[in-house]
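Student: Before we start, here is the structure in question, set down as C-alpha cells.
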Amino acid sequence: MDTSAYTAAILAELSRTLAEVPPEQGEELAEMILRAKRIFAAGAGRSGLAARAFAMRLMHMGLSAYVCGETATPSLQAGDLFLAVSGSGNTATLLCMAEKAKKLGAQLATVTTRPDGAIGRLADLTVRIPAPTRDRPEKDFTSIQPMGSLFEQSCQLFLDAVVLRLMEKQGSSADEMSRRHANLE
C-alpha cells in the first residue's frame, strides 16, 4: 500500500472507533468541565500529548486549565476536575494522581480503553474509546497501526469534538480563542 491508502485505512479506523463512543459521554464531559473551577489534564506518552493539546484548547476558551507536572501548575483542590487520559486505565503515575485528586475532593474523568481499569473504577465519568493499545488487543476493533496509535488519535479527535461542543455551549468563537493564543512565540 502507498501512503494515501494507509491514510484512507487510518481514517476508516478512526471513523469506526469514534462512532462507538456514546454521544452522552462527550456531553457529560463538557458539563463537568463547565461546572469545574479548574481543569487539570494528565496522560503519559502520546496519550499525554492529547491531554496537553486539550488543556491548551480549554485555555484558549478562557477556562482555567492546567497540565499536571508542569512547573507552573497550581495545587488541585475540591471543585476542580482531574482528567486522566490512559489507554490501559492502569498507568501507575496517573492512578496515583487520580487517587489523590479524589481524596482532595476533585471530580475525576478518564478517557481510556479500559473502564474496568483502576482509574476507571475511581472515575466519576469514564469515556471508553474501543481501540487496541500496546499491551491489550481489542477483540472487536483491530488496527493496522502499531501499539496504541488508534487510541491516541481517537482521543485527540474526541477531545477536539468536546471543545467544539464547549464552544457551542459558551457561544465562543475561533476569533476569541485566537486572541488567547500564545503571542511570545
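The values are calculated or read from the model by the stated rules, or taken from the named source; none is laboratory data. These numbers were taken from a predicted model, which means no experiment stands behind them. Positions of Cβ are backbone-derived with ideal geometry, glycine not excepted, and every protein chain shown enters the neighbour counts. Accessible surface areas use protein heavy atoms only, side chains included; no ligands, DNA or RNA. Shrake-Rupley method; radii C 1.70, N 1.55, O 1.52, S 1.80 Å.
Student: Identify, among Thr142, Gly105, Ala123, the residue whose Cα sits farthest towards the positive end of the charge dipole of region 25-175, taking +1 on the Cβ of Lys and Arg and -1 on the Cβ of Asp and Glu, with the dipole about the Cα centre.
Tutor: Result: Gly105.
Student: Sticking with this one: Carbon-plus-sulfur fraction of the accessible area of the chain, 1.4 Å probe, in percent?
Tutor: Summing carbon and sulfur atoms, their accessible area is 53 percent of the total for the chain.
Student: Shifting gears a bit: When a/c is below 1.5 the answer is rounded, else prolate if a/b is larger than b/c, else oblate, so apply that to region 50-105 with a ≥ b ≥ c taken from the square roots of the Cα gyration tensor eigenvalues.
Tutor: The shape class here is oblate.
Student: Something else now. Skip the ligands, DNA and RNA, and give the accessible area per residue of the chain with a 1.4 Å probe, whole Å².
Tutor: For the chain, the solvent-accessible area averages 52 Å² per residue.
Student: Please identify the GluC sites (Glu not before Pro) of region 11-54 that satisfy two criteria: DSSP loop assignment and at most 14 other Cβ atoms within 10 Å. Which are they?
Tutor: Passing sites in region 11-54 are Glu20.
Student: Dipole magnitude of the chain about its Cα centre, charges +1 at Lys/Arg Cβ and -1 at Asp/Glu Cβ only, in debye to the nearest 20?
Tutor: 540
Student: A further question on this structure: By Kyte-Doolittle mean hydropathy of at least -1.0 and Cα axial length of at least 30 Å, which whole DSSP H helices of the chain are selected?
Tutor: Once both thresholds are applied, what remains is 149-170.
Student: By DSSP, what percent of the beta bridges with both residues in the chain are antiparallel, rounded to the nearest 5?
Tutor: 5
Student: With 23 Å as the cut-off, how large is the P(r) tail for region 55-152, expressed as percent of Cα-Cα pairs?
Tutor: Summing the P(r) of region 55-152 above 23 Å gives 31 percent of all pairs.
Student: Please give me the summed charge of the neighbours of His181: other residues whose Cβ is under 12 Å from its Cβ, Lys and Arg +1, Asp and Glu -1.
Tutor: Taking every other residue near His181 into account, the sum is 0.
Student: Quick query: amide H of Tyr66 versus all other amide H atoms, modeled in the peptide plane; which residues come in under 5 Å with a sequence gap of 5 or more or a different chain?
Tutor: So Tyr66 has HN proximity to Ile39, Phe40, Ala41.
Student: Ignoring everything except DSSP H segments at least 4 long, calculate the 222 nm mean residue ellipticity for the chain; use -39,500 (n - 2.57) per segment, divide by total residues, nearest 500.
Tutor: Result for the chain: -15500 deg cm²/dmol, rounded to the nearest 500.
Student: Shape of region 16-86 from its Cα gyration tensor (a ≥ b ≥ c, root eigenvalues): rounded if a/c is under 1.5, otherwise prolate when a/b > b/c, or oblate?
Tutor: Oblate, because a/c is 1.5 or more while a/b does not exceed b/c.
Student: Taking the DSSP beta bridges in region 9-117 as the whole, what percent of them are antiparallel, to the nearest 5?
Tutor: Within region 9-117, antiparallel bridges account for around 0 percent of the total.
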